[in-house]
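Asker: Okay, handing you the structure first.
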Amino acid sequence: MYSEKVMDHFSNPRNVGEIENASGVGTVGNAKCGDIMRIYLDINESGIIDDVKFKTFGCGAAVATSSMATELVKGKTIQEALNITNKAVMEALDGLPKAKIHCSLLAEEAIHAALWDYATKNNIKIEGLEKPKTDIGEEEEEINY
Amino acid sequence: MYSEKVMDHFSNPRNVGEIENASGVGTVGNAKCGDIMRIYLDINESGIIDDVKFKTFGCGAAVATSSMATELVKGKTIQEALNITNKAVMEALDGLPKAKIHCSLLAEEAIHAALWDYATKNNIKIEGLEKPKTDIGEEEEEINY
Amino acid sequence: MEKLIYLDNAATTKTRPEVVEAMLPYFTEKFGNPSSIYEFASQNKKAVDEARGSIAKALKAETSDIYFTASGTEADNWAIKGAVEAYAAKGNHIITSKIEHHAILHTCEYLEKHGAEVTYIDVDETGVIKLDELKKAIRPTTILISVMFANNEIGTVQPIKEIGEIAKANNILFHTDAVQAFGQLDIDVNELNIDMLSASGHKLNGPKGIGFLYIRKGLKLRSFIHGGAQERHRRAGTENVPAIVGLGKAVSIAVQTLQERQEKEIALRDYLINKVLKEISYVRLNGHRTKRLPNNTNFSFQFIEGESLLIMLDMKGICASSGSACTSGSLDPSHVLLAIGLPHEIAHGSLRLTLSEETTKDEIDYVVEQVKEIVAKLRSMSPLYEDFVKNGNHEK
Amino acid sequence: MEKLIYLDNAATTKTRPEVVEAMLPYFTEKFGNPSSIYEFASQNKKAVDEARGSIAKALKAETSDIYFTASGTEADNWAIKGAVEAYAAKGNHIITSKIEHHAILHTCEYLEKHGAEVTYIDVDETGVIKLDELKKAIRPTTILISVMFANNEIGTVQPIKEIGEIAKANNILFHTDAVQAFGQLDIDVNELNIDMLSASGHKLNGPKGIGFLYIRKGLKLRSFIHGGAQERHRRAGTENVPAIVGLGKAVSIAVQTLQERQEKEIALRDYLINKVLKEISYVRLNGHRTKRLPNNTNFSFQFIEGESLLIMLDMKGICASSGSACTSGSLDPSHVLLAIGLPHEIAHGSLRLTLSEETTKDEIDYVVEQVKEIVAKLRSMSPLYEDFVKNGNHEK
Ligand SMILES: Cc1ncc(COP(=O)(O)O)c(C=O)c1O
Ligand SMILES: Cc1ncc(COP(=O)(O)O)c(C=O)c1O
């Protein structure tokens, strides 16, 4: 079902954990859909993401995309982090099953939420960042009865 | 599908043939239903069936019931022959599949037709013999669509 | 009883040993449910998809357009009922032929009781559908044309390409019951404009209890069996993995051996036909002389009845049929033989001999000899033959 | 990967070697079509009827009341759709439960789109249907009650006898989906007033692709698959002889070993349940403590998600499932777990372990150890668990 990359990031997830007094924290998803992602960011004065951690309640793809997303943002500038799309996360994981694409959207969204939290706390505006949805919906698959 | 008795009478049918100048000949059934039976009777002055022959176009059961029916009437009086029912023919054959019961009716009917022919030719009335139907219908099996 | 001579390959075929071999691991070793997410089961999902791929390749179709069913009958039911339901807004009219298998005919009759309108197109005396009649039958409400690829009784192969073109030109779905043809004839669903195609494993040396419906991508078709999400939500029920693997294998072998089998069987078929027509009198060949399945022969012997003939052949170790397996034993003569214009008593006297790649010339020689003897014996006890001879029609 | 531990016997089971053995001759030797009239095929007809007899005996039913289908799903579809069509004159109302398999639920939803009315009865927190609600749901137009014998996810066994009595008293047909129960529990269709019963081969160590519907004699039921005259004109399609023979064999063995298996599996099941509840915190057992299938366990672990758990178990060589096989992989939590009142996030963290007669205590010990470790690992990365601990709810 999953690529080797996904299985790797699922079984040995990078950056699991919490950051005390993080610069920004974002939590997205909801238990109803079965996925909750929380991302902690540590951002230094130059606007570089020094550290990142995550916690995720969710399926294998949710864990793997969280892990990969944290890897991708680590050491990046805020603007670079903002430009990491769900597509980039998926590609870095060698793809996801169709039914799991929403997990990669969730990861993108979690980064945005953490950045938003950082911006709000510091009363700054990040170019191109909008208030994140707190809830990621599911696309309905067309079912043929 | 068929009993051993049926198979025996089918593969070695008794009394196949014609009787020239028979006392009575009866043909029943029709090609549409796939069964035609013809029975020839030779009846002597004492009203005993001296000889009997048949020809049949039809399935295994049709041939076997013809054969058995001729065996059963041979040497009998007219009245005895008249009393031979399809049930008697079936029993003598150790039974028939449900879908083939009509063949035994056809055999009974063929004997009656031959007797009727004899009676008509000789201008006599045989107690209990009615004009035979020329056509034996099929019962419809109930089909569940 | 002598060695068995099996000449009823249109009824069902022997499963190839290689097919059984391919199936075996999926019973006791790789028995997992393909829908399960663990590794142990995902090998089965892969095996199912490989089989799907082999079948798609045989039809030059997309892999994802093959949907497994439990039989040719189920595929036929699904195609017709699913289309009627899906296209109700467009219309309620179906066009089919008079010589379809009961899986189509009885389904159509069922739908007629529920408001569908069905036109049953005639065939000519060789069993080829009348295309002009078909064209004339088209109405604005026609949603489906379903015509079998090749007939199971008389083997006639239909002008599928022409029908596909007519359907396409009129924007009507085209379904074909290829249960007899698939594995015997080369089929390209695109070239032939086929939108749906039914097939069955046990007719092509695959296992029983498995078939498939090809459904062209994008085609709206309602599900027939509702439940789990198998077959991309379109056909519910735990996948019959061993049978699917077996079908895939059978199809691969059928494709590989197609030409060789065709050549061999056509030669033997024609040998059989010529021999019967030469050596036995008052006989006719049913179906088309050349537009026929490589393995099919069907004869009518005048003055005799088919079942008697079959039983006597059986006693000589020969498996044959008159009409299709599922209707033999019934009292009605075959609707196919009536549709090609045979009178009832001649339709009753029919014999279908369908070859396999294992059939030999020696077997054919033996069978013709037996048929000849039995026909003579049955005629000698037939009142119809008696009348015929007495009326002075007998050739000297 | 270590030796495989298969604890997903509710999804599908290993076909018994004796069953495969029994099937084998029917592929390459006795391959004839049972509908054919020659001797060679009539042995297959006999084999089919013998299998029918074995199954009937297991249910204390009449042999002629067993009709073979290709799956449990097909049997469910047939029972419901066939009854709705046959009893349209009486009414259009069906009563079923909220925890049925999708083969029932999706069929009912389909029928609702076509004019049927369906009441879905609630179950209590152990998964037992609410009989008072069921009684109140009965209308003059109610034609069918369909309640599963035992649930496939949480194993709860329903009060079938009581439901049968209610149905009988109200002159309503009673169908039960016994796909999980048949082979595990003793069933007497007369004592339980069951009018129709569905079962499936692959759930009881028989082959895939075969099932049956028991239909009480005299019951009016429309055909679902139309075509040939097989199964006494009620279910068309060439008989799947090898699978039918295999099913017959599997049922015979299941009947013989029933008591022994029950005792063994119940003991092991209870051992597993007790061990999990004792060794792991924040876990609940889903389903009823005693009214449950001998082989079923189902747990919810708070703060974690089921798929992750399954994949990690898979990496340890353990085959398990969360919910039913055909819905795992879907995003919705199980409708069954929601019906017994679990909140979504807890329903998402469920694990079903279903035993077989081959399961050992050692395997159970190993599995519980792994589950414990994995649950701890997943909780350590769960934001829900983090919040829970931070809110001071964590037990010391
Ligand atoms: C309760 C229940 N009903 C029906 C089915 C469907 O059975 P099958 O997969 O044989 O179609 C299953 C199993 O998937 C089941 O557990
Ligand atoms: C033309 C045709 N269609 C459909 C069928 C039905 O196939 P199955 O027996 O696999 O359901 C058959 C064979 O019986 C057939 O010959």
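Asker: In this structure, is B:LEU106 closer than 17 Å to B:HIS9 by Cβ and in a loop (DSSP other than H, G, I, E, B)?
Answerer: No, not satisfied.
Asker: Filter the range C:230-266 down to residues that are in contact with a helix residue (DSSP H, G or I) (Cβ under 6 Å, 6 or more places away or on another chain) and within 16 Å of ligand 2 (Cβ to nearest atom), then give me how many there are.
Answerer: The qualifying residues number 6.
Asker: Under the condition of being touching a residue at least 40 places away in the same chain (Cβ under 8 Å) and outside any loop (DSSP other than H, G, I, E, B), which residue from the range D:268-282 is farthest from the chain's Cα centre (by Cα)?
Answerer: D:GLU279
Here's the yes/no breakdown for (1) part of a loop (DSSP other than H, G, I, E, B); (2) away from chain C (no Cβ under 14 Å):
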site: B:PRO13; (1), (2): yes, no
site: B:ILE19; (1), (2): yes, no
site: B:ILE39; (1), (2): no, no
site: B:SER46; (1), (2): yes, yes
site: B:ASP50; (1), (2): no, yes
site: B:ALA62; (1), (2): no, no
site: B:LEU72; (1), (2): no, yes
site: B:ALA81; (1), (2): no, yes
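Asker: Also, quick follow-up: From D:LYS396, D:LYS372, D:LYS390, which residue is modelled with pLDDT of 95 or more and surrounded by fewer than 21 Cβ atoms within 10 Å (Cβ to Cβ)?
Answerer: Every option except D:LYS372 fails the conditions.
Asker: Can I ask one more? Mind counting the residues in the range D:177-222 that are surrounded by fewer than 22 Cβ atoms within 10 Å (Cβ to Cβ) and either closer than 17 Å to D:PRO294 by Cα or within 13 Å of chain C (Cβ to nearest Cβ) (or both)?
Answerer: 3
Asker: Restricting attention to the range C:35-42, does a residue exist that is at pLDDT 95 or above and among the polar types (S, T, N, Q)?
Answerer: Checked against the condition, which is being at pLDDT 95 or above and among the polar types (S, T, N, Q), the range C:35-42 yields no hits at all.
Asker: Scan the range D:349-365 for residues that are modelled with pLDDT under 95 and not hydroxyl-bearing (Ser, Thr, Tyr) and report the count.
Answerer: Looking only at that region, the number is 1.
Asker: Another question, then. Under the condition of being away from ligand 1 (no atom under 14 Å from the Cβ) and at the interface with another protein chain (Cβ under 7 Å from one of its Cβ atoms), which residue from the range C:223-240 is nearest to C:GLU85 (Cα to Cα)?
Answerer: In this case the residue turns out to be C:ARG234.
Asker: With the condition kept exactly as written, say whether any residue in the range D:1-12 is under 27 Å from D:PRO294 (Cβ atoms), outside any helix (DSSP H, G or I) and within 16 Å of ligand 2 (Cβ to nearest atom).
Answerer: Scanning the range D:1-12, I find no residue that is under 27 Å from D:PRO294 (Cβ atoms), outside any helix (DSSP H, G or I) and within 16 Å of ligand 2 (Cβ to nearest atom), so the answer is no.
Asker: Which of the residues belonging to the range C:198-242 are within 19 Å of the chain's Cα centre (by Cα) and either among the hydrophobic types (A, V, I, L, M, F, W, C) or more than 17 Å from C:ARG16 (Cα to Cα) (or both)?
Answerer: Selection gives C:SER198, C:ALA199, C:LEU204, C:ILE210, C:PHE212, C:LEU213, C:TYR214, C:ILE215.
Asker: Right, another one. Taking the range D:70-89 on its own, how many of its residues are away from ligand 2 (no atom under 16 Å from the Cβ) and of a type in the set (Ser, Thr, Tyr)?
Answerer: 2
Asker: I'm told D:GLY317 meets every condition in (1) within 14 Å of chain C (Cβ to nearest Cβ); (2) modelled with pLDDT under 95 except one. Can you identify the failing condition by its number?
Answerer: The failed condition is (2).
Asker: Out of (1) buried (at least 24 other Cβ atoms within 10 Å of the Cβ); (2) closer than 23 Å to D:SER350 by Cβ, the odd one out for A:SER11 is which?
Answerer: With respect to (1) buried (at least 24 other Cβ atoms within 10 Å of the Cβ); (2) closer than 23 Å to D:SER350 by Cβ, A:SER11 is out only on (1).
Asker: Hey, can you tell me all the residues within the range D:191-206 that are in contact with a Leu (Cβ under 9 Å, 6 or more places away or on another chain) and more than 16 Å from ligand 1 (Cβ to nearest atom)?
Answerer: Answer for the range D:191-206, where residues must be in contact with a Leu (Cβ under 9 Å, 6 or more places away or on another chain) and more than 16 Å from ligand 1 (Cβ to nearest atom): just D:ASP195.
Asker: Additional query: All but one of (1) touching a residue at least 60 places away in the same chain (Cβ under 8 Å); (2) away from every other protein chain (no Cβ under 14 Å); (3) more than 16 Å from ligand 2 (Cβ to nearest atom); (4) surrounded by 22 or more Cβ atoms within 10 Å (Cβ to Cβ) hold for C:GLY155; state the number of the condition that does not hold.
Answerer: (3)
Asker: Continuing with this model, one more query. Out of the range A:4-29, which residues are touching a residue at least 60 places away in the same chain (Cβ under 8 Å), under 23 Å from D:MET312 (Cβ atoms) and in contact with an Asp or Glu (Cβ under 6 Å, 6 or more places away or on another chain)?
Answerer: A:LYS5, A:GLY29
Asker: Restricting to the range C:119-148, what's the tally of residues that are in a loop (DSSP other than H, G, I, E, B) and without any contact (Cβ under 8 Å) to a residue 40 or more places away in the chain?
Answerer: 1
Asker: Return a yes/no flag: does the range D:196-217 have any residue that is more than 16 Å from ligand 2 (Cβ to nearest atom), charged (D, E, K, R), farther than 18 Å from D:ALA70 by Cβ and in a loop (DSSP other than H, G, I, E, B).
Answerer: For the range D:196-217, residues more than 16 Å from ligand 2 (Cβ to nearest atom), charged (D, E, K, R), farther than 18 Å from D:ALA70 by Cβ and in a loop (DSSP other than H, G, I, E, B): present.
Asker: A follow-up question, please. Going by the structure shown, is A:VAL25 assigned to a strand (DSSP E or B) and either surrounded by 21 or more Cβ atoms within 10 Å (Cβ to Cβ) or more than 7 Å from chain D (Cβ to nearest Cβ) (or both)?
Answerer: When the stated conditions are applied, A:VAL25 passes them.
Asker: Quick check, is C:GLU85 within 12 Å of another protein chain (Cβ to nearest Cβ) and in a loop (DSSP other than H, G, I, E, B)?
Answerer: Here the answer is no, as C:GLU85 does not meet what is asked.
Asker: Quickly run through the range D:10-35 and pick out the residues that are closer than 21 Å to C:LEU309 by Cβ and in contact with a Gly (Cβ under 9 Å, 6 or more places away or on another chain).
Answerer: Within the range D:10-35, D:SER35 is the sole residue that qualifies.
Asker: Evaluate the following for D:GLY248: is it out of contact with any Lys or Arg (no Cβ under 9 Å at 6 or more places or on another chain) and more than 16 Å from ligand 1 (Cβ to nearest atom)?
Answerer: no
Asker: If you scan the range D:67-81, which residues turn out to be crowded, with 24+ Cβ neighbours inside 10 Å and either more than 16 Å from ligand 1 (Cβ to nearest atom) or charged (D, E, K, R) (or both)?
Answerer: D:GLU74, D:ASP76
Asker: Can you tell me how many residues within the range B:16-45 are within 17 Å of B:LYS131 (Cα to Cα) and among the β-branched types (Val, Ile, Thr)?
Answerer: 4
Asker: Still on this structure: Among the numbered criteria (1) farther than 16 Å from C:ALA58 by Cα; (2) buried (at least 22 other Cβ atoms within 10 Å of the Cβ), which single criterion is violated by C:GLU133?
Answerer: (2)
Asker: Being at the interface with chain D (Cβ under 7 Å from one of its Cβ atoms), part of a helix (DSSP H, G or I) and out of contact with any strand residue (DSSP E or B) (no Cβ under 6 Å at 6 or more places or on another chain) is the filter here, so list the residues in the range C:13-40 that pass it.
Answerer: C:PRO17, C:VAL20, C:PHE27, C:THR28, C:GLU39
Asker: Here's another thing I want to ask about it. Which members of the range C:229-244 meet the condition of being outside any helix (DSSP H, G or I) and surrounded by 24 or more Cβ atoms within 10 Å (Cβ to Cβ)?
Answerer: Hits for the range C:229-244 are C:ARG235, C:ALA236, C:GLY237, C:THR238, C:GLU239, C:ASN240.
Asker: With the checklist (1) more than 16 Å from ligand 2 (Cβ to nearest atom); (2) touching a helix residue (DSSP H, G or I) at 6+ places or on another chain (Cβ under 6 Å); (3) over 14 Å from D:LEU221 (Cβ atoms) in hand, flag the one item D:HIS102 doesn't pass.
Answerer: Only one criterion is unmet by D:HIS102, namely (2).
The values are calculated or read from the model by the stated rules, or taken from the named source; none is laboratory data. Since we're looking at a predicted model, the values are computed, not measured. Reconstructed Cβ throughout: ideal geometry from the backbone, glycine too, with neighbour counts over all protein chains shown.
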